[in-house]
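Peer 1: Sharing a structure here in C-alpha cells format.
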Amino acid sequence: MAQHLTAEQTPLVADLDQPAPDARLAGVRVGVVTFPGTLDDRDAARAVDIAGGTSVPLWYADEDLQGVDAVILPGGFSYGDYLRAGAIARFAPLMDKIVDAASADGGMPVLGICNGFQVLTEAHLLPGSMIKNEQLKFICRDQRLRVENAETAWTGRFTAGQEIVVPLKNQDGQYVADQRTLDELEAEHRVAFRYVGGNPNGSRNDIAGITNARGNVVGLMPHPEHAVEPGFGADLSGAGTVGMREGTDGLDVFVSVLERLTR
C-alpha cells in the first residue's frame with residue numbers, strides 16, 4: 001500500500017525559506033517610479049517588500065511623491081532609450097519632485113538601478129554619463145561586485161571591501177566621466193560598487209555604481225532587485241557556494257535604506 005506523507009514529512013527539493021523581516025521596517029514607504037518602457041518596477045517593489053518595507057507605486061506623469069520616505073528609479077528602457085538612455089525620462093514631471101527631495105535638507109534617499117542610474121546622471125544628481133557597452137552588445141550575466149563605500153543610505157548593511165554577486169543586464173552600461181570627475185569620485189570615496197573579475201562593459205575605473213557626496217543618492221548598473229529571493233536570484237554569492245538561483249546578495253541594498261530610515 002502506498003504511503004501518504006503529510007505536508008511536514010514531504011521532502012523539499014530546496015529550502016527557500018527566508019528569515020522574517022524586522023516588523024519595524026514596514027513603516028518605511030519606498031516609492032518605485034514607472035516610466036514608459038520601465039521593465040523592473042515590479043521587481044524593485046517586490047525587493048522592498050521582501051526586505052520588510054512598504055513599496056508604493058509612483059507614476060512618472062504625476063507630481064506627487066505620496067509622502068514616501070525614499071525613491072527607487074528601476075531598470076528598463078525608458079522611452080525606448082531614444083535620444084539617449086535616460087535623457088527623456090529625466091524631464092518627467094515626477095523627476096522635478098525627486099530632484100528637489102534628494103537635494104533638500106535631510107536628503108531623501110534615491111536609488112537608480114541600470115536605466116535609473118542613467119536617469120540620475122541625466123538629472124545631474126550624479127556625475128558622469130552612460131554610453132554603449134564597449135563590445136556594442138547587450139550583456140546579461142551574474143556579476144561579482146566589490147562594495148567600496150558602506151556608508152551610504154543604500155549600502156549600510158555591507159562592509160567596505162565585501163564582495164557580492166548580482167545579475168547584470170544592459171546595453172548602455174559603460175560609465176564614463178572626465179578625468180577630473182573620476183579623480184574626485186576616487187578621492188572622496190564616492191565609488192559605491194566596483195566590478196570584480198573582469199570589466200563587463202568598459203566602465204572607467206571598473207565603476208559599477210557611485211554615490212553623491214551626501215550618500216543619499218546612489219546609482220548602480222547591476223540589478224540587486226534580481227538577487228533578493230532564493231530560487232529566483234543569482235547562481236553565485238560573494239558569501240560562498242549557493243544552490244542554483246539561490247544567491248540573495250542584493251537584498252541588503254534594500255534592507256540598508258529601511259534600517260537607515262528607522263534609526
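Peer 1: Kindly check whether there is at least one residue in the range 82-98 that is in contact with a His (Cβ under 9 Å, 6 or more places away or on another chain) and crowded, with 24+ Cβ neighbours inside 10 Å.
Peer 2: No, the range 82-98 contains no residue that is in contact with a His (Cβ under 9 Å, 6 or more places away or on another chain) and crowded, with 24+ Cβ neighbours inside 10 Å.
Peer 1: Can you tell me which residue among L220, L236, L258 is open to solvent by less than 10 Å² (accessible area, probe 1.4 Å), in contact (Cβ under 8 Å) with a residue 60 or more places away in the chain and over 21 Å from N115 (Cα atoms)?
Peer 2: L258 is the lone residue from the list that is open to solvent by less than 10 Å² (accessible area, probe 1.4 Å), in contact (Cβ under 8 Å) with a residue 60 or more places away in the chain and over 21 Å from N115 (Cα atoms).
Peer 1: May I ask you to verify whether P200 is in contact with a Ser or Thr (Cβ under 9 Å, 6 or more places away or on another chain), part of a loop (DSSP other than H, G, I, E, B), in contact (Cβ under 8 Å) with a residue 40 or more places away in the chain and more than 20 Å from L73 (Cα to Cα)?
Peer 2: Considered against the rule, which asks whether it is in contact with a Ser or Thr (Cβ under 9 Å, 6 or more places away or on another chain), part of a loop (DSSP other than H, G, I, E, B), in contact (Cβ under 8 Å) with a residue 40 or more places away in the chain and more than 20 Å from L73 (Cα to Cα), P200 comes out as no.
Peer 1: Going by the conditions given, is F91 under 19 Å from S78 (Cα atoms), free of Cβ contacts under 8 Å to residues at least 12 places away in the same chain and among the hydrophobic types (A, V, I, L, M, F, W, C)?
Peer 2: yes
Peer 1: Turning to a different aspect of this structure: When the range 134-157 is examined, which residues are found to be open to solvent by 10 Å² or more (accessible area, probe 1.4 Å) and either under 16 Å from R260 (Cβ atoms) or among the basic types (K, R) (or both)?
Peer 2: If the condition is that a residue be open to solvent by 10 Å² or more (accessible area, probe 1.4 Å) and either under 16 Å from R260 (Cβ atoms) or among the basic types (K, R) (or both), then K137, R141, R144, R146, N149, A150, E151, G156, R157 are the ones that fit.
Peer 1: For the range 48-86, which residues satisfy the criterion of being free of Cβ contacts under 8 Å to residues at least 12 places away in the same chain and not aromatic (F, W, Y)?
Peer 2: D49, L83
Peer 1: Here is a check on your reading of the model: is D206 without any contact (Cβ under 8 Å) to a residue 40 or more places away in the chain and surrounded by 17 or more Cβ atoms within 10 Å (Cβ to Cβ)?
Peer 2: When the stated conditions are applied, D206 passes them.
The values are calculated or read from the model by the stated rules, or taken from the named source; none is laboratory data. All values reported here derive from a predicted model rather than from experimental measurement. Methodologically, a virtual Cβ is constructed for each residue, glycine included, from the backbone with ideal geometry; neighbour enumeration extends over all protein chains shown. We work out accessible area using only protein heavy atoms, side chains counted, and drop any ligands, DNA or RNA first. Shrake-Rupley method; radii C 1.70, N 1.55, O 1.52, S 1.80 Å.
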